[in-house]
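Here's the structure, in structure tokens; my notes come after.
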Ligand SMILES: [Zn+2]
């Protein structure tokens, strides 16, 4: 990943060498029409420069043009609001220390159980090279897992996953030169009232807030498949928690078929449980492990 000019010291001195600033980037120029609106506009480039100047030396190499653009978009281009949001994100990172959390959380006994029994993972890439996230919430033994963990641990594990995803997605978006988002494919086969609890709802609210405030503008599409009748109940709850822009990105479809994939996800990038042809699974350490199942005792 290329680092982008940090702070304002180099503005105007040298042309930025980041792929996101390079209009001759072949990946960027070959973006299809439906993704063109993700391209950084001239106005946004100016606003990014202004935002960078306001933040000064706080903008470490982590804060690339693409990342700053995501904060601006999350605030509809309002530079002052984006600055406030960014400052809060930096304060949050200073408090939570995600880098340390990434190693510390692995020592908790519930970590590996959650990794093994909560089937969610990055697997394969879409045709633009952006990793895809697959999840089978309907296969999660939520009540079993809840007895082995608590709200605090679940949120920490979520941050762990978001950090991993953020690094992978950001690298892909930098390469393309535009924050085109990623696809989340959620399989609700097996979903039932057993998945509902007040504690679970509280975790969901916290997680939605974290994603919205600290990992903004990441999602391109959230595709829901195999939703049973009871999904209506959960969908109502979700709509009360998620923001309007996120809700617009949901697409509820019956199953994985060509209409859903639209040539964006090829079969060899689909896990086997969705009818994919992935056999060697070079994508992830989890080896197509999307089984879920009853959580064991720790
Ligand atoms: Zn696989």
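Summary table below
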item	result
Where a residue in the range 232-253 is in the same structural domain as residue 200 (by TED's automatic domain parsing) and farther than 27 Å from residue 75 by Cβ and its partner, wherever it lies, is surrounded by 13 or more Cβ atoms within 10 Å (Cβ to Cβ) and modelled with pLDDT under 90, with Cβ under 7 Å and at least six apart	253/260
Some residue of the range 129-145 being crowded, with 17+ Cβ neighbours inside 10 Å, modelled with pLDDT of 90 or more, touching a helix residue (DSSP H, G or I) at 6+ places or on another chain (Cβ under 6 Å) and within 27 Å of residue 279 (Cα to Cα)	yes
Residue match in the range 186-204 (condition: touching a strand residue (DSSP E or B) at 6+ places or on another chain (Cβ under 6 Å) and touching a residue at least 60 places away in the same chain (Cβ under 8 Å))	yes
1 or more residues at pLDDT 90 or above: qualifying helices (runs of 4 or more DSSP H) within the range 186-298	198-214, 231-241, 244-248
Test result for residue 93, within 30 Å of residue 53 (Cβ to Cβ), more than 16 Å from the ligand (Cβ to nearest atom) and over 19 Å from the mean Cα position of the chain (by Cα)	no
Residue within the range 259-273 that is away from the ligand (no atom under 16 Å from the Cβ) and either closer than 30 Å to residue 91 by Cα or in contact with a strand residue (DSSP E or B) (Cβ under 8 Å, 6 or more places away or on another chain) (or both) present	yes
Those residues of the range 94-128 which are under 25 Å from residue 220 (Cβ atoms) and surrounded by 15 or more Cβ atoms within 10 Å (Cβ to Cβ), in sequence order	98, 118, 119, 120, 121, 122, 123, 124, 125, 126, 128
Meets criteria (without any contact (Cβ under 8 Å) to a residue 40 or more places away in the chain, in a helix (DSSP H, G or I) and on the phi < 0 side of the Ramachandran plot) for residue 156	no
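Condition check ((1) over 20 Å from the mean Cα position of the chain (by Cα); (2) without any contact (Cβ under 8 Å) to a residue 60 or more places away in the chain; (3) more than 21 Å from residue 249 (Cα to Cα); (4) more than 16 Å from the ligand (Cβ to nearest atom)) across all residues:
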residue: 127; (1), (2), (3), (4): no, no, no, yes
residue: 145; (1), (2), (3), (4): yes, no, yes, yes
residue: 167; (1), (2), (3), (4): no, yes, yes, yes
residue: 174; (1), (2), (3), (4): no, no, yes, yes
residue: 183; (1), (2), (3), (4): no, no, no, no
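Okay, residues lined up against (1) touching a strand residue (DSSP E or B) at 6+ places or on another chain (Cβ under 6 Å); (2) surrounded by fewer than 17 Cβ atoms within 10 Å (Cβ to Cβ); (3) in a helix (DSSP H, G or I); (4) not assigned by TED's automatic domain parsing to the domain that holds residue 181:
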| site | (1), (2), (3), (4) |
| --- | --- |
| 24 | no, yes, no, yes |
| 52 | no, no, yes, yes |
| 56 | no, yes, yes, yes |
| 67 | no, no, yes, yes |
| 73 | no, no, yes, yes |
| 81 | no, yes, yes, yes |
| 86 | no, no, yes, yes |
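The values are calculated or read from the model by the stated rules, or taken from the named source; none is laboratory data. Predicted model, so just to flag it, every value in this text is computed and none were measured. Neighbour counts run over all protein chains shown; Cβ positions are idealised from the backbone, glycine included.
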